[in-house]
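Step one of this worksheet: look at the structure below.
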Amino acid sequence: MMKTMIRTGALAIAGAGFAVAALAADLTGAGATFPYPIYSKWADAYKKETGVGLNYQSIGSGAGIKQIQSKTVVFGATDAPLKADQLDKDGLVQWPMVMGAIVPVVNLDGVKPGELTLDGATLADIYLGKVTKWDAPAIAKLNPAVKLPAADIAVVRRSDGSGTTFNFTDYLAKVSPDWQSKVGAGTAVEWPVGVGAKGNEGVAGNVAQTKNAIGYVEYAYAKQNNLTHAALVNAAGKTVQPTMAAFQAAAANADWAKAPGYRVILTNQPGEASWPITAATFILMHKKPADKAAAAEALKFFAWSFEKGGKMAEELDYIPMPASVVTLVKATWDKDIASK
Amino acid sequence: MAMIAEAQAVEQAPDRAGALGVFRRSDASFYWLTRLAALTVLALLGGIIVSLVIGAWPALTTFGLDFLTTQRWAPQLDTPVMGALGPIYGTLVTSFVAMLIAVPVGVGIAIFLTELCPIPLRKPFALAIELLAGIPSIIYGMWGFFVLGPFLVETVQPAMIAAFGGLPIVGAIFAGPASQLSLFNAALILAIMILPFITAISRDVFATVPPVLKEAAYGVGCTTWEVVRNVVIPYTRVGVVGGVMLALGRALGETMAVTFIIGNSFKITGSIFSPGTTISAAIASEFAESSGLHQSGLILLGLLLFVLTFAVLAAARLMLRRLELKQGR
């Protein structure tokens, strides 16, 4: 009995050893949770084609940055891009990989998706606690045709630090001086009002359950949960609906070439068709990687994803990078990353 | 024959000494092994404290004692402001309310199971209660979020607000509006989670009461209530308090379920129907995306929880000792 147990144990350990050896050949990455679904979808397809797998830990942007700084992974992923001086200090290269959009979602009786319109200043005032009723003049003025209840607005926001919050608060800070001075932008901020829910799914669930609630989620979550999204007034003063075309317009209008480290935050972009809260998610790699072969493999994976991953991204409601940006990024790889 | 036996005895003599030596050595090694195990635990505990202090040091030196008295939590600022008052308040309030609900109910269930319940039903009842303890806390969180929360918002909370909200002084505690994510909901979930601990331990210690004591009490005409109050509870007080303290320890540190339903707001409003946060919920929410001073502040929160739990357990020990002294044991 004992002997069998020992033998099985030894086998199990040997098996685990093999498993570790097999994983070691995989690419390792860590960071943002927001792009995790698309990275894993790309990785699955890529593995089928090439046999090279990806071990991506979606542990959050902050932790991803730490992991790449300490060189425990081949690449890091972050929603909030690093500043150029930070990149230089750590010897990192940064580029945008894929984009997403953030939409305000509401739960109002009789209001269908896209019927309610909000502008940035009003959205900021709601999240500041200055606009507390749905029939407040600020909202009524934007929605003459919508029947608004005389109810309190139940504000829902993220409780965990997140790239979604970073981009959402960045937008509010850009459109509302009051928000800029009182709260500011960050992955976790000091929310004046509202309840905090964990993750996009937490906010989506909360808004779905609470009458007269408002929240903000990644577009995919709004779509998959059939939430009522609101239209937004963009920087050009036009009311836009959250559509793939509007997200792409925002990305196309951004000036990627001039931003060091591609540090472009896609909120409140100019252009009549631009959705105002669009966001890119970024990859970080070392300029002088310790393991050159692994770095080269990772770049192959990213090049493949840029080329063949666009459709998969759209299926999951992400927005592929425009071709012009991909060309720029590839030039950066050749110039800055010593992978050969 | 006799000679052979004698020869055997002579041959066995050194064997016996050898055998005794083996016993001694195995005794010694057993002693050291167990001692090593015990020391490992101490080393781990020490290591955890040291690493918590090291991690919390930047926040500790930046904020000092203000950390305990500040309500503001704004880690994103250029000069971050972080205060633990909100999480500490939330931790204490949810645990207190949870104990307020769970202790009478838990002890009540234990009394029912040991004194009143028909014998064939005791096993299934006890099993059901113990199963509650086996449910992962994330399940409690999801259930609280999707089922209990909406139910409370529509029924219990409005009724309580209507009944108590208008009263002086306590009115502020029960002030509206009702909220799906609130300290009250979190406390209720906590109460359900710690109930099995209190019940299981109370039931076990109630079973240790010598039947002769109870029978004597019944014999002089006591009712069941009087037997429980005057015989069972005094006899088992120490054990019951121990179970309650174990449950309190769990309530103070519970993370996942609470994070789901407490609303994660650092503001203190005074009403139990408003969202709040606890120390562990704050850490769980923010740790992944934190860095620098923010992370250090969260580790300092962890250290505070450590101290808080330690203080509660120490207080429990002290209370138990005084109870024992009072009883003259």
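The values are calculated or read from the model by the stated rules, or taken from the named source; none is laboratory data. What you see is a predicted model; the values in this text were computed from it and never measured. Glycine also receives a Cβ, built like all others from the backbone with ideal geometry; neighbour counts cover every protein chain displayed. For accessibility, only protein heavy atoms count, side chains too; no ligands or nucleic acids. Shrake-Rupley method; radii C 1.70, N 1.55, O 1.52, S 1.80 Å.
When the convex hull of its Cα atoms is viewed from all sides, chain A shows a mean projected area of 20.4 nm².
Between residue B:57 and residue A:71, the FRET efficiency from the beta-carbon distance, with R0 = 41 Å, is close to 0.95. Taking a straight Cα-Cα cut-off under 13 Å and skipping sequence neighbours fewer than 8 places away in the same chain, the aspartates and glutamates within cross-link reach of residue A:238 are A:119, A:272.
Heavy-atom accessible area for residue A:181, with the other protein chains in place and a 1.4 Å probe, reaches approximately 90 Å². Once backbone amide H atoms are built at 1.01 Å from N, residue A:228 has A:106 as its partners under 5 Å, excluding neighbours fewer than 5 places away on the same chain. The mean number of partner chain beta-carbon atoms within 10 angstrom of a residue's beta-carbon across peptide A:302-312 is 0. Inter-chain Cβ neighbour count for B:255-266, averaged per residue, equals 4 (cutoff 10 Å, partner chain atoms only).
Note on chain B: Rg/Rh from Cα positions, Kirkwood definition for Rh, rounded to two decimals, is 1.15.
When you work out D = kT/(6 pi eta Rh) for region B:170-329 at 20 °C and 1.002 mPa s, using the Kirkwood radius from C-alpha pairs as Rh and the Stokes-Einstein form, the result is 115 µm²/s.
Charges at C-beta only: +1 for Lys and Arg, -1 for Asp and Glu. How large is the resulting dipole of chain A about its Cα centre, in Debye rounded to 20? Present the calculation step by step, with values, prior to reporting the outcome.
On the way: 33 positive and 29 negative charges, 140 e Å.
Dipole about the Cα centre, nearest 20: 680 debye.
At a threshold of 50 Å², the residues of region B:280-319 that become less accessible to a 1.4 Å probe in the full protein assembly than in their chain on its own are B:285, B:289.
Leaving out ligands, DNA and RNA, calculate the buried accessible area for the pair A and B with a 1.4 Å probe, summed over both sides, in Å² to the nearest 100.
Counting protein atoms only, the buried area is about 2000 Å².
In this simple spin-label model, placing a label point 7 Å from the Cα along the Cα-to-Cβ direction at both residue B:315 and residue B:121 gives a separation of 3.7 nm.
Of the three principal axes defined by the Cα atoms of region A:89-207, the extents in descending order read 55, 29, 23 Å.
Multiplying the sequence separation of residue B:48 and residue B:19 by 0.36 nm and subtracting their Cα-Cα distance, what value in nm do you get?
So the chain would gain 6.1 nm between residue B:48 and residue B:19.
Would you mind getting the accessible area per residue of the protein assembly as shown, heavy atoms of the protein chains only, 1.4 Å probe, in Å²?
On the way: 31710 Å² over 669 residues.
The answer is 47 Å² per residue.
Membrane-span-like helices in chain B (whole DSSP H runs, Cα extent of at least 18 Å along the helix axis, mean Kyte-Doolittle hydropathy of at least 0.0): B:2-63, B:85-111, B:119-134, B:183-206, B:233-253, B:292-326.
Provide A:318, B:89 ordered by accessible surface of protein heavy atoms (probe 1.4 Å), highest first.
On the way: A:318 15, B:89 60 Å².
In descending accessible area the options line up as B:89, A:318.
Each label was represented as a point 7 Å from its Cα along the Cα-to-Cβ direction; for residue A:36 and residue A:85 these points are 3.3 nm apart. The contact residues of region B:59-95, meaning those that lose at least 30 Å² of 1.4 Å-probe accessible area when all protein chains sit together rather than their chain alone, are B:72, B:76.
Rounded to the nearest 500, the 222 nm mean residue ellipticity of chain B from helices alone is -24500 deg cm²/dmol, with -39,500 (n - 2.57) taken per DSSP H run of at least 4 residues. Distance between the pseudo-spin-label points of residue B:132 and residue B:68 (7 Å out from Cα toward the beta carbon): 3.5 nm. Quick one: pull the percent of accessible area on region B:69-326 belonging to carbon and sulfur, 1.4 Å probe, ligands and nucleic acids left out. Answer for region B:69-326: carbon and sulfur cover 73 percent of the accessible area. Based on the reciprocal of the average 1/r between different C-alpha atoms, the Kirkwood radius for the protein assembly as shown equals 29.0 Å. P(r) tail for region B:15-63: Cα pairs beyond 18 Å make up 59% of the total. Subtracting the Cα-Cα distance of residue B:204 and residue B:325 from their residue separation scaled by 0.36 nm leaves 41.3 nm.
At 222 nm, what value in deg cm²/dmol follows for chain A if DSSP H runs of at least 4 each add -39500 (n - 2.57) and the sum is divided by all its residues, to the nearest 500? Mind showing how you got there, number by number?
Working: 14 runs with 152 residues, N = 340.
Calculated from helices alone, the mean residue ellipticity at 222 nm is -13500 deg cm²/dmol.
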